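Written out below as structure tokens is the structure these notes cover.
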Amino acid sequence: MQLYNTFSRELEEFAPINGKKVTLYTCGPTVYRDIHIGNLRTYMTTDILRRVLKANEYDVTAVMNITDVGHFRFSKDSNKVIDPVVAESQKMGITPLQLSKIYTDKFLTDAKKLNMLDADVLPKASEHIEEIIEVIKVLIDKGYAYVTGGNVYFKVDKFKDYGKLSGNTLDKMDQLLEAVRVSVETDKKDSADFALWKKAEDRVMSWDSPWGMGVPGWHIECSVMSMKYLGVALDIHAGGEDLVFPHHEDEIAQSEAFTGEKFVKYWVHTSFLSVEEEKMSRSRGNVFILSDVIDKGFNPLAFRYLTFQTHYRAKMNFTWEALDAAATALKKLYDLAGKLPEGEGYADKYEVEFLHVLNQDLNMPKALAIMWEMLRSNAPEENKAAALMRMDEVLGLKIFEISSKMNDIPEEVITLSDERDRLRAEGRFMLADQLRHRIEGMGYELLDGKKDGKKEGTKIIRKI
Ligand code: AMP
Ligand code: ZN
């Protein structure tokens with residue numbers, strides 16, 4: 001299996017540290033608002049990666065953290081650096097932990113709707129403060145960090161390899177710093193240093209530490225939680241492309257300074273999703289969430305299918321037309337699958353090719369193409385059914401679960417549809433239309449079919 005490693009900027013043969021066991025850490029969401037379809041795209045990469053690893057008989061332990069404290073951001077509204085979880089909870093008049101629970105649950109609901117595999121562990125930063133403090137203490141003892149006025153900073157020039165992931169070595173960093181470092185951190189010895197612990201006087205959400213009341217920095221959370229659940233050296237670390245610097249660069253510095261060992265073997269980064277070729281932004285009003293997709297009448301799995309059509313390292317341009325086309329293709333897939341007889345054979349040629357392209361850095365667009373090629377081929381129908389079922393272990397489109405239900409029409413709906421056919425035959429179209437709407441309201445669609453000039457009868461399908 002080949003995987004592109006951001007670290008080497010090359011496709012590499014995948015060889016985990018421990019035989020068939022694979023450890024995978026994905027940076028999870030900051031839970032103060034709904035996650036958008038861009039975030040979901042990045043989590044889809046983790047889902048597919050896990051499924052492809054499984055198809056190659058690897059035993060994967062997947063951890064995704066929940067950032068519920070410490071991910072400080074510059075707020076244009078207040079012109080200040082804020083912890084968005086705290087700020088948003090104050091606006092809503094609830095506690096930060098109540099707020100983060102709401103958005104963690106919503107995130108997990110979206111993930112379920114997209115049929116993503118559950119993480120094995122979903123650790124929350126706020127529940128790992130003690131461990132974080134312990135690691136910071138060691139970094140201070142080893143001379144990699146210093147305390148100043150209740151804050152603790154990582155001393156970047158002490159870590160000789162800084163910049164090895166992103167290429168942002170100290171000598172190149174000056175112009176970058178403005179954009180990414182928190183500007184109020186005026187007590188740092190060097191502008192490249194970053195916070196491990198931040199003084200926080202408001203007690204809404206802060207913890208006692210040897211350095212006074214405060215909160216951990218975002219980067220140290222991931223170093224500590226990945227180490228706790230997966231060990232000091234990880235096989236794969238994943239996230240969106242914007243995390244390469246500074247987040248992942250800083251994770252490497254902290255973790256390797258702490259353990260003295262290489263932190264991650266393979267770095268996997270997903271390119272951004274844009275909407276109609278534009279960056280998603282609240283001011284443009286083009287930030288879409290999964291509920292928007294569902295409210296427009298789409299099956300969320302159509303979005304899952306859509307993400308397969310762009311390789312994870314290519315920019316993905318989301319448009320409603322593209323989603324519509326994906327939904328149509330998916331419907332056709334369910335329809336074809338519903339017509340296949342049950343079977344146990346293999347469609348060898350296609351199945352081998354399917355895994356082969358997946359093993360080339362998760363080439364989902366090609367994998368989809370091979371699936372369609374198989375369905376259109378003259379391979380025996382029973383073999384196609386069995387092969388499609390195996391392919392769906394990776395695709396996760398619930399192909400047979402949905403296609404079997406699509407053809408499973410309740411008696412009541414059939415009676416109404418027959419009644420509508422009778423009304424149409426009698427030319428009573430208004431009443432017939434009323435029945436159509438009633439049937440649609442029950443979650444079914446009617447397709448009026450005519451073949452060779454002869455009426456073929458109405459086909460009822462379950463809406464998906
Ligand atoms: P955040 O909650 O901002 O930390 O983001 C969660 C994950 O979504 C991170 O891995 C980000 O890199 C990723 N992400 C943010 N915006 C996008 C986008 N437009 N397209 C793809 N991934 C994104
Ligand atoms: Zn992280």
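Side notes on the structure shown:
- Ligands, DNA and RNA left out, the 1.4 Å accessible surface of the stretch 69-206 is 51% carbon and sulfur atoms.
- Cross-link partners of residue 366 among aspartates and glutamates, defined as those whose alpha carbon lies under 13 angstrom from its own and excluding same-chain residues fewer than eight positions apart: 351, 353.
- Spatial offset of the stretch 223-275 relative to the stretch 290-337 amounts to 30 Å, using the alpha carbon center of each.
- In the complete set of protein chains, residue-level accessible area for residue 124 is approximately 70 Å², probe 1.4 angstrom.
- Förster radius 45 Å - calculated FRET efficiency between residue 360 and residue 169 (Cβ-Cβ, nearest 0.05): 0.90
- Shown here are the Rg and Dmax of the Cα trace of the stretch 145-277, at 15.5, 50 Å.
- Between residue 2 and residue 148, residue separation times 0.36 nm minus the direct Cα-Cα distance comes to 48.0 nm.
- Ellipticity at 222 nm from helices only: DSSP H runs of n ≥ 4 in the chain, each -39500 (n - 2.57), divided by the residue count, give -13500 deg cm²/dmol.
- Nearest-0.05 FRET efficiency for residue 463 and residue 430, computed from C-beta distance (R0 35 Å): 0.90
- Summarising the label geometry, the points placed 7 Å from Cα in the beta-carbon direction at residue 56 and residue 137 lie 4.1 nm from one another.
- At q = 0.16, 0.27, 0.29 Å⁻¹, base-10 log of I(q)/I(0) for the stretch 117-174 (Debye sum, equal scatterers on each alpha carbon): -0.73, -1.03, -1.09
- Förster radius 30 Å - calculated FRET efficiency between residue 13 and residue 118 (Cβ-Cβ, nearest 0.05): 0.55
- Of all DSSP bridge pairs formed entirely within the chain, close to 55 percent run antiparallel.
- With N the number of residues in the stretch 209-317, Rg(Cα) / (2.2 N^0.38 Å) evaluates to 1.39.
- Portion, in percent, of the accessible area of the stretch 225-289 that falls on carbon or sulfur, probe 1.4 Å: 51 percent
- Solvent-accessible heavy-atom area per residue, rounded to whole Å², over the chain at 1.4 Å: 47 Å²
- Taking amide H positions as modeled 1.01 Å from N, with prolines and chain starts lacking one, the residues under 5 Å from residue 318 and 5 or more places away or on another chain are 274, 275, 276, 277.
- Charge tally in the Cβ shell below 15 Å around residue 243, where Lys, Arg are +1 and Asp, Glu are -1, residue 243 excluded: -3
- Across the stretch 388-428, the convex hull enclosing all Cα atoms gives 81 Å³ per residue.
- Descending Cα extents along the principal axes, the stretch 1-150, whole Å: 48, 45, 27
- Pairs over the 26 Å Cα-Cα cut-off, from the set 158/199; 91/199; 20/158: 20/158.
- Average projected area [Cα convex hull, the stretch 80-167], square nanometres: 9.5 nm²
- Diffusion constant of the chain at 10 °C, which comes from Stokes-Einstein with the Kirkwood Cα-pair radius and 1.306 mPa s, µm²/s: 64 µm²/s
- Simple spin-label estimate for residue 332 and residue 78 in nanometres, 7 Å along Cα-Cβ: 5.2 nm
- The percentage of C-alpha pairs in the stretch 361-464 whose separation is greater than 16 Å is 67%.
- Fraction of the pair-distance distribution of the stretch 1-46 above 16 Å, Cα-Cα pairs, percent: 57 percent
- Between the stretch 383-397 and the stretch 134-169, the alpha-carbon centres lie 48 Å apart.
The values are calculated or read from the model by the stated rules, or taken from the named source; none is laboratory data. Note that the structure is predicted; figures quoted are calculated from it, not measured. Glycine also receives a Cβ, built like all others from the backbone with ideal geometry; neighbour counts cover every protein chain displayed. Accessible surface is based on the protein model in full, side chains and every heavy atom, while ligands, DNA and RNA are left aside. Shrake-Rupley method; radii C 1.70, N 1.55, O 1.52, S 1.80 Å.
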